[in-house]
Structures are given as structure tokens and as C-alpha cells.
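See below for the structure under consideration.
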Amino acid sequence: MKRDKIFAEQGMAGHELTSMLDAHKTGDAQWKQGKTFGFVYHPGEQHAKLSEAYRAAFQYESTLNPSAFPSLLKFEKEVIRMASELMHGNRHVAGSVTTGGTESIFLALTVAREQAREQFGEKVQGEVILPETAHPAFLKGCQYLSLKPVVVPVTVDGKADPEAMKQAITSRTILLAASAPCFPYGVVDPVKELGKIALRHKLLLHVDACMGGFMLPFLEDLGYPVPGFDFRVAGVTSISLDAHKYGYAPKGTSIILYKSRKLRKKQFFIHTEWQGGIFASTTFMGTKSGGPVAGCWAIMNHLGREGYRDLAQEVMKTTLRIRSGIEGFKSLEIIGNPEMSLLAFTSKAGNIFNIGDALQRKGWHLDRLQFPEALHLTVTQLNIGMEEEFLRDLAEVLGEEQDLIKEYKATRISIHIADTLTRIFPSIVVDNLTRWAGKVMNRTGGSSMIPQAALYGISASLTNRKNIRKLITNLLDGMY
Ligand SMILES: *Cc1c(COP(=O)(O)O)cnc(C)c1O
């Protein structure tokens, strides 16, 4: 089939493009309505304008060469220092501004691998011990860096199990990981216990505070109970915190901090023999826009600790109201004891994903969890004041549950048939089946529109987990 070319010979007029701007967003999550949980962390129109002005002013500058743009170096150094103060780091703590939590975690893993190479040589594959609730960025980093992830189950409260993690230590172990809090349940891992284990076994300990870094310190100020997780805990060697989440900075900003400059140096890349000159970079990225770090610096200076504390206070009030509302429904159950503004809940009666799809039809966007199946809320500034409407809609949806059960049974049956087929037929047929399923799902118009109950239903009932991997691979391939 011949495809039309879309890269035009003649450019479009500026006013034409500007007039289209809002129209591009019509199919997107309408997060300004306050019905989207997570994804967008917005500080409010007034504050956003300021960081936007800084971001735009430095958008074409590059952070790669600090001597060409001392302004960007100043922003980066001050953002690192503010983050370090927030994490109670002493004067030895050093870090980098990165493009996101994934890069921050990737760099912490790189440092661990360098350490492993120094200790064991190139041949031995270093091992990283992770609670199963740790963010997939750790697994992604291990895959890219050829480290071996050792995934350890969490306890019934959803927290890392220090005893089980200790048991998993071998002579090749290099790093322990903890989350503050973990994304699925919003609970903070027992960092103090893990710190003791790390010290006793001379291991590195990374705390992933991508979610909590810009929230937990302010909740502590406000008198909420916050378990120790930062540099005050002995044994913690690195911390990642995302400014582009509760730091309300533009997307593309996270911070990785190390206990010492010696550790940070292990992440640098330097090549002295290139024809193009001596090449040196501190993080994974090469050329990157100065916009995000400028916007991040501006929002941190503009809000100040007081501004963040006020936002944290309101977000937490909203979260607690939603939580008590959910606890009021007999059929619903909160998982664990969330310590921040993320929470997950399951249904004891109907199918939770059908409840999620019904909420989606009312405009609400929630995440889906599995093992166990649950809905997940990340409450942010945008959701303040939306709590009563959410709980009313939830009550209405729960009233409809009988119908939802019927709908669910129908998906269940077709999934069962598909699963039986995949077991009977050879892999080439399975390939085609997943490709076909991927196409059908894509045709429903973008990932957010895919009936999530069906997708997760398929995922939960396919007996061979490799088939769900194939399905997702083909979904992604089709989407782009
Ligand atoms: C978001 C998140 C990450 C990954 O960060 P990105 O910015 O998406 O790359 C890692 N850990 C936790 C706990 C997170 O919430």
C-alpha cells in the first residue's frame, strides 16, 4: 500500500498553527478538570506561568557544556543543593539533575556496577536486591547494564521485607533498593532496617524517593508520621527524587544524590581520544535542553518551603477525605496503610477494573494495579476540591455493580477461549493472535481509551506470561 507523504514542501503559517494548538488536545486527558489522578503535577496557573517563562527562556540552550552556559550550571548546582538540604544531606552529598526518575535510578545502578567491577572484576555479574514493589526503572536499568536483579517479595503491609532481603544477599550483591514510598501502595519501606543491613554487609543502599522526595519532608514538618528514609538514616548511599512529580517542575527534571563525591564520580563518562575533542558528560544524556532545569529552579525558588508545605497540606487533606470515603464502602478495601498521597483499593464484591472503566466513562482517570487487582490514585494539587464529586461518582458506580459483573463475565469467557487457543496452537499462531488483539485495541483510539478491564483481564488469565509480553510488544509497535 502506498503511503501519502506528510512532511510538507511548504510550511504552514504561524497563525494557522497557533489556531490549531488547543484542538490538538481534544482527545487527551482533560486534567485541568481535576479528574485525572497522577500523570500531570501542576502547581496552579499562577505558579506554572513563572516556571513556564524560565523554561521557555532556556529552551534552546544546552546543558551539555557548562562553560558555555554558566547560568544553567548555576541552576543545576542550586537545584542539587536545595534537594540535598531537603534530604538532610551534609556537605559531602553531591548529585546531578537528570531527565527523570528512570535516569536517576539508571545512574545509581551505573555507580553500583562500577563498584561491582572494581570489587569482583568484569566477569562477575553484580546483583541488585529489590523489593517486588520497586519501580520497573530498576529492572530496565539492570537490563541495559547487565546487572542481575534479585526480586524479593514484600510483607503483608506492602513494605520491603528486610529479613528476606538479607537472606537474598550473596557474595555478588552490590546494592539494596528501597522506595519512599513505593508507587503501588504509597507505603515507605523500612529504610532504617535496610540501612543497618547495608552497613553490616558493606553494600550500597539506594532510596527511590521519586514520589516522596518533594512531599515527605513537608508532611514531616506538618506533623504527619513519616518513617526515616533520607540521609539521616545511616547506610543510605544514594537518593533519587523527581522534581517533575511533587516538585511541580516541568517534565524532564529529577535529581540523583550521592552520599559522597567519590560515588558521584563513578557515574561520569569521559572520552579523551576523540577527533571531535575531549568529551565529558556527567549523566546519561548528551545534548539536552536547558529549559527543564531553569523551570525547576524557578518553581523551587518561587514556591519556597512554605509554598510546598501549603500544597502538601491541601493534597494530604484531599487524600485523607478520599481515603475515609473509600473506607466507608463495605465492598472496597484500601491496601496497606498509605503514608502519603498515593493509595490503592480493591473490591471484595465485583471486578475492580470494571469499576475503573465505569469511572473512566465519568471522566476519571485512575491507574490499574495487578497481583492483587486494584485501582490506584495519585492525588495532586489538581484534585484538591474534587473529593466529594469523586466519592459521589464512586458510590453511583458501585450501585451499578450488578451490571458490571455481567460485562466482566463476558470478557472472562472470551479470554478463557483465547488462552485455551494459545495453549493449543504453535507460537506462530500466538504471535498473530497477539498482533491482532493489539491492532483491535489500538483501533479503539489511543492507549487511554483501551478498555482497561479487558486488557488486565487478558493479562490475569493468560497462563503463559510470555503471551502477555507479546501482546504488549505488539500494542506498542502498532501505536507508534
Ligand atoms: C515515577 C517513578 C519513577 C520513574 O520516574 P520517571 O520520571 O517516570 O522516569 C521511579 N520510581 C518511582 C517510585 C516513581 O514514582
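Within region 171-186, work out how many residues are of a type in the set (S, T, N, Q) and either touching a strand residue (DSSP E or B) at 6+ places or on another chain (Cβ under 6 Å) or surrounded by 16 or more Cβ atoms within 10 Å (Cβ to Cβ) (or both).
2
Quick one: is residue 272 among the polar types (S, T, N, Q) and at pLDDT below 95?
When the stated conditions are applied, residue 272 passes them.
For residues that are away from the ligand (no atom under 16 Å from the Cβ) and crowded, with 18+ Cβ neighbours inside 10 Å, scanning just region 197-215, find the one that is nearest to residue 138 (Cα to Cα).
204
Quick one: residue 134 ticks every box in (1) away from the ligand (no atom under 16 Å from the Cβ); (2) in contact with a Cys (Cβ under 9 Å, 6 or more places away or on another chain) except a single one, so which number is it?
The number of the failed condition is (1).
Given the residues 262, 251, 245, which is the only one that is surrounded by fewer than 23 Cβ atoms within 10 Å (Cβ to Cβ) and closer than 22 Å to residue 293 by Cα?
None of the other options fit; the residue is 251.
Could you grab me the full set of residues in region 221-246 that are touching a residue at least 60 places away in the same chain (Cβ under 8 Å) and away from the ligand (no atom under 11 Å from the Cβ)?
Within region 221-246, 221, 222, 224, 225, 226, 227, 230, 231, 232, 238, 239 meet the criteria.
Tally the residues that are within 18 Å of residue 212 (Cβ to Cβ) and assigned to a strand (DSSP E or B), restricting the search to region 314-333.
Residues in region 314-333 being within 18 Å of residue 212 (Cβ to Cβ) and assigned to a strand (DSSP E or B): 0 in total.
Could you please let me know if residue 114 is at negative phi, in contact (Cβ under 8 Å) with a residue 12 or more places away in the chain, out of contact with any Gly (no Cβ under 7 Å at 6 or more places or on another chain) and within 12 Å of the ligand (Cβ to nearest atom)?
It is false that residue 114 is at negative phi, in contact (Cβ under 8 Å) with a residue 12 or more places away in the chain, out of contact with any Gly (no Cβ under 7 Å at 6 or more places or on another chain) and within 12 Å of the ligand (Cβ to nearest atom).
What is the number of the single condition among (1) under 20 Å from residue 261 (Cα atoms); (2) within 15 Å of the ligand (Cβ to nearest atom) that residue 93 does not meet?
The failed condition is (2).
Find the helices (runs of 4 or more DSSP H) located wholly in region 69-181 whose residues include 2 or more that are farther than 25 Å from residue 291 by Cβ and basic (Lys, Arg), and list them.
In region 69-181, 101-120 are the helices (runs of 4 or more DSSP H) which contain 2 or more residues that are farther than 25 Å from residue 291 by Cβ and basic (Lys, Arg).
Determine the pairs where a residue that is farther than 28 Å from residue 122 by Cβ, located within region 86-111, has a partner that is aromatic (Phe, Trp, Tyr) and within 14 Å of the ligand (Cβ to nearest atom) with Cβ atoms under 8 Å apart, the partner being 6 or more residues away or on another chain.
So the pair list comes out as 86/214; 99/284.
It is to be established whether one or more residues within region 363-380 are in contact with a strand residue (DSSP E or B) (Cβ under 9 Å, 6 or more places away or on another chain) and of a type in the set (Asp, Glu).
Taking every residue of region 363-380 in turn, at least one turns out to be in contact with a strand residue (DSSP E or B) (Cβ under 9 Å, 6 or more places away or on another chain) and of a type in the set (Asp, Glu).
Quick one: in region 138-155, of everything that is surrounded by fewer than 20 Cβ atoms within 10 Å (Cβ to Cβ) and farther than 21 Å from residue 197 by Cα, which residue is farthest from the ligand (Cβ to nearest atom)?
So the residue we want is 146.
Kindly list the number of the only condition in (1) outside any loop (DSSP other than H, G, I, E, B); (2) out of contact with any Lys or Arg (no Cβ under 8 Å at 6 or more places or on another chain); (3) more than 11 Å from the ligand (Cβ to nearest atom) that fails for residue 218.
(2)
Please go through region 340-366 and pick out each residue that is of a type in the set (D, E, K, R) and either surrounded by fewer than 18 Cβ atoms within 10 Å (Cβ to Cβ) or modelled with pLDDT of 95 or more (or both).
Matches in region 340-366: 348, 361, 362.
If I ask for residues that are charged (D, E, K, R) and surrounded by 14 or more Cβ atoms within 10 Å (Cβ to Cβ), which ones from region 30-47 would you list?
Matches in region 30-47: 35 only.
From the list 102, 63, exactly one residue is among the hydroxyl-bearing types (Ser, Thr, Tyr), within 18 Å of residue 252 (Cβ to Cβ) and more than 16 Å from the ligand (Cβ to nearest atom). Which is it?
Being among the hydroxyl-bearing types (Ser, Thr, Tyr), within 18 Å of residue 252 (Cβ to Cβ) and more than 16 Å from the ligand (Cβ to nearest atom) holds for just one of 102, 63, which is 63.
Regarding residue 122, is this residue out of contact with any helix residue (DSSP H, G or I) (no Cβ under 7 Å at 6 or more places or on another chain), farther than 25 Å from residue 76 by Cα and within 15 Å of the ligand (Cβ to nearest atom)?
For residue 122, the condition - out of contact with any helix residue (DSSP H, G or I) (no Cβ under 7 Å at 6 or more places or on another chain), farther than 25 Å from residue 76 by Cα and within 15 Å of the ligand (Cβ to nearest atom) - is not met.
With the requirement that a residue be without any contact (Cβ under 8 Å) to a residue 60 or more places away in the chain and within 15 Å of the ligand (Cβ to nearest atom), what does region 158-196 give you?
Of everything in region 158-196, those that are without any contact (Cβ under 8 Å) to a residue 60 or more places away in the chain and within 15 Å of the ligand (Cβ to nearest atom) turn out to be 160, 177, 178, 179, 180, 182, 189, 191.
Considering every residue within region 102-118, establish whether at least one is farther than 30 Å from residue 184 by Cβ and of a type in the set (A, V, I, L, M).
No, region 102-118 contains no residue that is farther than 30 Å from residue 184 by Cβ and of a type in the set (A, V, I, L, M).
Kindly establish whether residue 262 is within 19 Å of residue 205 (Cβ to Cβ) and without any contact (Cβ under 8 Å) to a residue 40 or more places away in the chain.
Yes, satisfied.
Restricting to region 200-236, what's the tally of residues that are more than 25 Å from residue 174 (Cα to Cα) and under 18 Å from the mean Cα position of the chain (by Cα)?
3
Considering each residue of region 247-260, count those that are of a type in the set (A, V, I, L, M) and either part of a loop (DSSP other than H, G, I, E, B) or away from the ligand (no atom under 12 Å from the Cβ) (or both), and give that number.
Of the residues in that region, 2 qualify.
The values are calculated or read from the model by the stated rules, or taken from the named source; none is laboratory data. For clarity, every value in this text was computed on a predicted model and none was experimentally measured. Please note: Cβ atoms are built from the backbone with ideal geometry, for glycine as well, and neighbour counts cover all protein chains shown.
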